[in-house]
Amino acid sequence: NHSMLNVTPTEYTDWQRLLSYYREEFPAEGQWVFRGHEDAGWNLLTTLERQLAKYGIPVAHAPNYEQQILREFLRKVRNYEPTFTPADTAECLSYIQHYGGPTRLMDWTYSFYVAAFFALAPAAPKSHAAIWCFKTGAWDANAAKPALFGEKALKAIAEDRSMKSPTIHELIFGF
């Protein structure tokens, strides 16, 4: 929910205007990370947080459930990948997430176009999609969530999917 982060969304109904805004406001690559949501109403939650909420389990119990998930994963992964020897918990969580399991990880990309693809491609006509972005220097290394420290954050919403939609090539290559 953008109100939790004190972010006012900037809304767009035209791809070219959104693209122009992106090019003007985010000229330096690698300084921002992006995440696309096909539904602007979705909060920035990890898959583990979403699963806990689905079953009414307080997020404070997440570490216990994560430990259970990790134990079960390590017990069963050898059946499918006999030589798998993870270097650390992060590698295990990455593997679990890759195969659709719930984790505390959240996918972000340095590419506006990749985020736009995930926001716009699956979205239903007349729905609101969102592209979240955070300045990479605004992340607090000790926090699980981004700390904005007064930096600008954007939630760009494409309001009307009946607009002239870009093709996948335009999203990926920007032409």
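The values are calculated or read from the model by the stated rules, or taken from the named source; none is laboratory data. This structure is a prediction, so every number in the text was calculated from the model and none was measured. Note that each Cβ is placed from the backbone with ideal geometry, even for glycine, and that neighbours are counted across all protein chains shown. All accessible areas refer to the heavy atoms of the entire protein, side chains included, with ligands and DNA or RNA removed. Shrake-Rupley method; radii C 1.70, N 1.55, O 1.52, S 1.80 Å.
Once the mean of 1/r is taken over each pair of separate Cα atoms and inverted, region 52-137 shows a Kirkwood hydrodynamic radius of 15.8 Å.
Here the simple spin-label model places points 7 Å from the Cα toward Cβ, and for A60 and A121 these points are separated by 4.1 nm. Hey, any idea what % of region 61-111's accessible area is carbon plus sulfur with a 1.4 Å probe? In region 61-111, the share of accessible area belonging to carbon and sulfur is 51 percent.
A crude spin-label estimate for the pair R78 and D14, with each label 7 Å from Cα along the Cβ direction, gives 6.2 nm. At the residue level, I69 shows approximately 50 square angstrom of accessible surface with a 1.4 angstrom probe and all protein chains present. Sort all Cα-Cα distances of region 1-87 into consecutive 5 angstrom bins from zero, then give the percent of pairs in each bin up to the one containing the longest distance. Going out from 0 Å in 5 Å bins, region 1-87 shows 3, 9, 12, 15, 13, 12, 11, 10, 9, 5, 0 percent. A crude spin-label estimate for the pair Q31 and L45, with each label 7 Å from Cα along the Cβ direction, gives 3.4 nm.
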